[in-house]
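Here the structure is laid out as C-alpha cells; the discussion comes afterwards.
The values are calculated or read from the model by the stated rules, or taken from the named source; none is laboratory data. Fair warning: this is a prediction, and the values are worked out from it, not measured in the lab. Please note: Cβ atoms are built from the backbone with ideal geometry, for glycine as well, and neighbour counts cover all protein chains shown.
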Amino acid sequence: MFYRYTDSDTNYHWANHGGTKPLNADIIQINWAYNDNGYINNTIYSEFKIINRSNKIWKNFIAGVFFDDDLGNATDDNYGCDSSLGLGYVYNSNNNDGEYGLNPPAVGTVFLRGLRERTIDSSETYFLCSGKNKIAYTGYTDKKVTASVNVPKHFGFPLNYAESYRVLKGLQNTGRPFINPVGNFPTKFSHSGDPVTNQGWVMSGGDDRYFLMASGSLDVNPGDTQIIVIAQVIARGNSNLNSITKLREASVIARENYENCFANLYLPECRDFIPYEYSLKQNFPNPFNPLTTIRYSIKEPIDVTLTVYDVLGREVSILVNERKFAGEYEVIWNGRNFASGVYFYKIAAKNSGDVKYTKSMKMVLLK
C-alpha cells in the first residue's frame, strides 16, 4: 500500500488543526505484509519517509506515530509499553471481550527504526532495508523510541500545536510529566510494568484510550529526509494476559525479520516512490559488450518510446513503445547483432501527441 501526503495546504491550518503555518512536510508511506507461516502472517510493516520541502530548518524535530487501537469492544482496553522491545500495546482488561469473546488477542506496534542522528563515533552504523538490501549510514545512530505515552480519550486530544508537541515529547497536554506511581518518578514511558506478572506500573480497569510513540529530537535541514519504520503485530494466546506473552514473541520476530532484511521471506519487487520528474539515466555498463541497462523515470501516466540510433541517425532498435504508469523503469539492450561503435538512445514521453519530455544520451558498444 502506497500513500503520499503533505501539510502544505494552508486551508487546513486553522486553529483546531494546529494553528500553525505549514511545515511543508512531504511524507511517503509504504505498508507491506507477508503471506507466510507463523507470527509474520499477522504483522504489517510501515515505512515513513519524511522530507523537509521547506527552505527552513526544522528545529528540534520529533516524529511520532499516533494510534487509536480499539481491541474489539473499545471501552475495556488496557495499554502497556515495553521499552526493551520498543513495543507499545493494547490488551483486554479481562478475559472476555464483547467482540472477540474469550481469550481476546493483544495488539501492538514495534518501533523498528527511529530518527537517524549523526554521531561523533564514526564506527557506528545505522541501516535501513530497501527490499532485501541494507542501506548503511556510517557515522549515524538510531534515536529509537524516546517516548511512549497513552491518555484516556475523556482527557481530550491535543487541540493545538503546543499541546501536540508536548505529547510528542512524552508529556501530558498541559506540559506536566507523567509520573510513574511505582517509585514516584517522572517518565516518558507510561504503564511500563508487566501485566503478565503484575509487576511495576500496570493499568487497572478498562478504558477507551489512545497512545503515541515518538522519536526525537533533532534538526532537519531543507531537503533532508528522515525515515521511521514500525511493525504492527497482533497475537492471541489462551488468555488475555497470555496474549501479551505471544505478542512479545511476535514483536521479537518482527524485529529479527527487519534486522535481516527479510532474507528468509519472499519479497516481490515493488516501487516505493513516484518520481518528481522525468529522467533518462546513463546506461550501465558503458562501454558494454553485448548487454547494457538503461533506466528512466516517468512522473505520470504517459505514452513512452525509447529508441536506439546509430551515429548516422538511423533507427536500429525500439526498446519501449507503450503507455507507462508513473514510476522507475529499466530496459536491457542487447548489442550482440550490432557492430562496435557509438550509439544513441532517445526517450520521448507524449500525451495525445504533445511531447512532455525528450532526451538523448550516448553509449559505446565495444567488442
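When residue 41 is tested against (1) in contact (Cβ under 8 Å) with a residue 12 or more places away in the chain; (2) of a type outside the set (A, V, I, L, M); (3) under 22 Å from residue 132 (Cα atoms), only condition (1) is not met.
All conditions in (1) within 28 Å of the chain's Cα centre (by Cα); (2) within 17 Å of residue 93 (Cβ to Cβ) hold for residue 214, with the sole exception of (2).
One line per residue, one yes/no per condition, for (1) over 25 Å from the mean Cα position of the chain (by Cα); (2) hydroxyl-bearing (Ser, Thr, Tyr); (3) within 14 Å of residue 365 (Cβ to Cβ):
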residue: 297; (1), (2), (3): no, yes, no
residue: 316; (1), (2), (3): yes, no, yes
residue: 320; (1), (2), (3): yes, no, no
residue: 328; (1), (2), (3): no, no, no
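Remark: residue 89 matches the filter, which requires a residue to be closer than 27 Å to residue 202 by Cβ and touching a strand residue (DSSP E or B) at 6+ places or on another chain (Cβ under 9 Å).
Screening the stretch 94-147 for residues that are among the aliphatic types (A, V, I, L, M) and surrounded by fewer than 21 Cβ atoms within 10 Å (Cβ to Cβ) and picking the one that is nearest to residue 253 (Cα to Cα) gives 128. Taking residues in the stretch 348-366 that are at positive phi and assigned by TED's automatic domain parsing to the domain that holds residue 323, and partners anywhere that are among the acidic types (Asp, Glu) and not in a loop (DSSP other than H, G, I, E, B), the pairs with Cβ atoms closer than 9 Å and at least 6 places apart or on different chains are 352/303; 353/303. Restricting the stretch 156-211 to residues that are on the phi > 0 side of the Ramachandran plot and more than 25 Å from the chain's Cα centre (by Cα) leaves a set whose member that is modelled with the lowest pLDDT is 156. Within the stretch 127-155, can you find the residues that are assigned to a loop (DSSP other than H, G, I, E, B) and modelled with pLDDT under 90? Selection gives 131, 132, 139.
Listed here are the residues, each with its yes/no results for (1) in contact with a Leu (Cβ under 9 Å, 6 or more places away or on another chain); (2) surrounded by 14 or more Cβ atoms within 10 Å (Cβ to Cβ); (3) within 30 Å of residue 40 (Cβ to Cβ).
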position: 245; (1), (2), (3): no, yes, yes
position: 254; (1), (2), (3): yes, yes, yes
position: 260; (1), (2), (3): no, no, yes
position: 275; (1), (2), (3): no, yes, no
position: 294; (1), (2), (3): yes, yes, no
position: 299; (1), (2), (3): no, yes, no
position: 311; (1), (2), (3): no, no, no
position: 316; (1), (2), (3): no, yes, no
position: 332; (1), (2), (3): yes, no, no
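For the stretch 21-34, the count of residues that are over 22 Å from the mean Cα position of the chain (by Cα) and either of a type in the set (D, E, K, R) or farther than 30 Å from residue 235 by Cβ (or both) is nonzero.
Assess whether residue 251 counts as being touching a residue at least 12 places away in the same chain (Cβ under 8 Å), closer than 30 Å to residue 56 by Cα and either in the same structural domain as residue 147 (by TED's automatic domain parsing) or not in a loop (DSSP other than H, G, I, E, B) (or both). Here the answer is no, as residue 251 does not meet what is asked.
Checking 292, 305 one by one, the residue that is β-branched (Val, Ile, Thr) and without any contact (Cβ under 8 Å) to a residue 60 or more places away in the chain is 305 and no other. For the stretch 313-334, indicate whether the set of residues that are touching a strand residue (DSSP E or B) at 6+ places or on another chain (Cβ under 6 Å), modelled with pLDDT of 95 or more and small (Gly, Ala, Ser) is non-empty. Checked the stretch 313-334: at least one residue is touching a strand residue (DSSP E or B) at 6+ places or on another chain (Cβ under 6 Å), modelled with pLDDT of 95 or more and small (Gly, Ala, Ser).
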